[in-house]
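The values are calculated or read from the model by the stated rules, or taken from the named source; none is laboratory data. Computed from a predicted model, the values in this text were never measured in an experiment. Here the Cβ positions follow ideal geometry from the backbone for every residue, glycine too, while neighbour counts run over all protein chains shown.
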Amino acid sequence: MLAVRRIEVLLHALSSDTGVKDGETATNMAEQLYSTNPYPVNLELLALAVAATGDFDKATEKMQEAVAAERRYSNAANIERMEQYLFLLQKHQLPHLDWHEEVAHMLPPPTNGLTVFRDYPDAKPI
């Protein structure tokens, strides 16, 4: 469900469709998401949502915080993307997302139903 909420925030913040884009809604959703799940990627979403309202200075601050927080992780896989977004926010621009690429890091890992049965410890389960 967390991935769906993140995608929803991105849609409201960065959609090119004016009927979908709503910076205030995106900001409210991102604030709630970050308050319950304080991860750097959620702070990144908050920065993008704030930028969608037009407050690029505050958005830049939030993105700088997100980059700093992400750097503290040993597996900082999102740094490059966050730094690109930070650069754009500093120029008062919103990023244009490639939805297939950007959403991939938010999707749950694929599941394989056969592993449940294959890895079961007993050949004849009760």
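Structure summary
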quantity	calculated
Matching residues, the stretch 13-55, being part of a loop (DSSP other than H, G, I, E, B), under 23 Å from Lys91 (Cα atoms) and small (Gly, Ala, Ser)	Ser15, Ser16, Gly54
The stretch 74-85 residues that are at pLDDT below 90, paired with ones that are buried (at least 16 other Cβ atoms within 10 Å of the Cβ) (beta carbon under 7 Å, 6 or more apart)	Ala76/Glu70; Asn78/Pro40; Asn78/Val41; Asn78/Glu70
Residue tally, condition in a loop (DSSP other than H, G, I, E, B) and under 12 Å from Ala47 (Cβ atoms), over the stretch 72-88	0
Of all residues in the stretch 89-103 being modelled with pLDDT under 70 and assigned to a loop (DSSP other than H, G, I, E, B), the one that is farthest from Ser16 (Cα to Cα)	Val103
